[in-house]
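For reference, the structure discussed in these notes is given below.
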Amino acid sequence: MARTTKPSAIDDILAEHSGLEQQLADPALHNDPSAARRAGKRFAELAPIMSVHGKLITAQDDLEAARELAADDASFAAEIPDLEATVVRLEHTLADLLAPRDPHDGDDIVMEVKSGEGGEESALFAADLARMYLRYAERRGWRVEVLDANVSDLGGYKDATLSIKAKSGSLDGVWARLKFEGGVHRVQRVPVTESQGRVHTSAAGILVYPEPDEVEAVQIDETDLRIDVYRSSGKGGQGVNTTDSAVRITHLPTGIVVTCQNERSQLQNKARAMQVLAARMQAAAEEAADEEAAAGRASQVRTVDRSERIRTYNFPENRITDHRIGFKAHNLDAVLDGELDALLDALGKADREARMQAE
């Protein structure tokens, strides 16, 4: 039996889409770039729903016509089973699109990658995870900026901060795909520092935050900030270790510390650090205001402990296991090369089913 949606749900979407269409056609809107950007993003997010709804209306009309004409023309009768199947499929798709959604699903993200227990091996694994997300972003056509990175002696990441942005708005943006990645990731493999070929277990942590469109979206009192500047560190290159361009911002009331050193100027580093701070403060505020969000994000790593893992990467068996949903696959090499869709689809499906059940 096909799932049905409340008439008011699609009616609300149709009304919102029509209103946005009128706004975007009004030249006055574009006098406010921020408002125009928000309207354009939301308009793009609604496009998949509008497309499926249009196809469903057409299929329903065709099915009604075929049933009316079937008695007089056998060719119309023959079309009815395919049209019925199309209507059912589109109803399912529309129901999924109209299911309760995370309000941040269309947002870009800030991702923090942190090494944990395991020393140098953990830092190398953290770098492997960062590369995995970079390659996945490349497959999706997303843009990645490394805002800050603390590199270990062997080229791993003690910690790194990434900004990952989609090129255009959609219902399923970067947050929708990567929001489940927050937590402790455990690796089992023979470290490069191991001389006797023994498998070791270590861990790295991932933190994911939806990135606000603007810092102004989160109220930050400048008097609550301590801003330090220092000389950038890195593997060399133009602009590194030559000027005090790196920026460290400490939000005194919460103790949140954000650093950024990868931009060329102190001003640019400060602007990017403020964006990361806004993302972290928004996430913290939502956790405090919403018990469900707090429970959902409780899985994100606070201390990188190997026992508190969401996923295990087993190199000897080429196996990846997500412990939250029981997902297992023997294609770890492909996953680390950015082929994450099967895993992320499974996590998204479990989340949608939970939301539908709660609704």
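Taking 8 Å as the Cα distance limit and 6 or more residues as the minimum spacing, I'd like the relative contact order of the chain as a percentage. Dividing the mean separation by the residue count of the chain yields 17 percent.
Taking the Cα-to-Cβ direction at Ala47 and at Ala28 and moving 7 Å from each Cα, how far apart do the two end points lie in nm? Placing both labels 7 Å along Cα→Cβ, they lie 2.7 nm apart. Here Asp96 and Arg226 are evaluated by their C-beta separation; at R0 = 45 Å the FRET efficiency comes out at 0.45.
The fraction of accessible area contributed by carbon and sulfur in the chain is 49 percent, rounded to a whole number (1.4 Å probe; ligands and nucleic acids excluded). Cα convex hull, the range 90-183: 107 Å³ per residue, rounded to a whole number. For the chain, the solvent-accessible area works out to 52 Å² per residue, with a probe of 1.4 Å and every protein chain left in place.
When the chain is treated as a Gaussian network with alpha carbon springs shorter than 10 Å, the biggest mean-square fluctuation among Gln196, Gln188, Gln219 belongs to Gln196. Charge tally for Asp172 (other residues, Cβ to Cβ under 12 Å; Lys, Arg +1; Asp, Glu -1): -3.
Taking Ala78, Ala285, Ala59 as the candidate residues, the one with maximal mean-square fluctuation in a Gaussian network model of the chain, Cα springs under 10 Å, is Ala78. For Lys41, the lysines whose Cα falls under 20 Å of its own Cα, not counting residues fewer than eight places away in the same chain, are Lys165, Lys167, Lys179. Taking label positions 7 Å along the Cα-Cβ direction at both Ile57 and Leu134, the computed distance is 4.7 nm, reported to one decimal.
For Arg324 and Ala35, calculate 0.36 nm times their separation in residues minus their Cα-Cα distance, and state this gained length in nm to one decimal.
Gain on stretching Arg324 to Ala35: 100.2 nm.
Here the calculated FRET efficiency for Thr201 and Asp244, from their Cβ-Cβ distance with R0 = 56 Å, stands at 0.90, rounded to the nearest 0.05. Oblate is the label for the range 132-232, because a/c, from the alpha-carbon gyration tensor with a ≥ b ≥ c as root eigenvalues, is 1.5 or above and a/b does not exceed b/c.
Model label sites at Ala350 and Gln188, defined 7 Å from Cα along the beta-carbon direction, differ in position by 1.8 nm. How would the chain be classified by its alpha-carbon gyration tensor: rounded, prolate or oblate, with rounded meaning a/c under 1.5 and the a/b versus b/c comparison settling the rest? Oblate.
For the chain, modelled as a GNM whose springs connect Cα atoms under 10 angstrom apart, the maximal fluctuation among Gly338, Gly173, Gly54 occurs at Gly54. Here the gap between Ile256 and Ala9, fully extended at 0.36 nm per residue and compared with their Cα-Cα distance, gives a gain of 85.0 nm.
The values are calculated or read from the model by the stated rules, or taken from the named source; none is laboratory data. The model shown is predicted, which means the values in this text are computed figures rather than measured ones. Neighbour counts run over all protein chains shown; Cβ positions are idealised from the backbone, glycine included. For the accessible areas, the whole protein counts, side chains as well, though only heavy atoms, and no ligand, DNA or RNA atoms are used. Shrake-Rupley method; radii C 1.70, N 1.55, O 1.52, S 1.80 Å.
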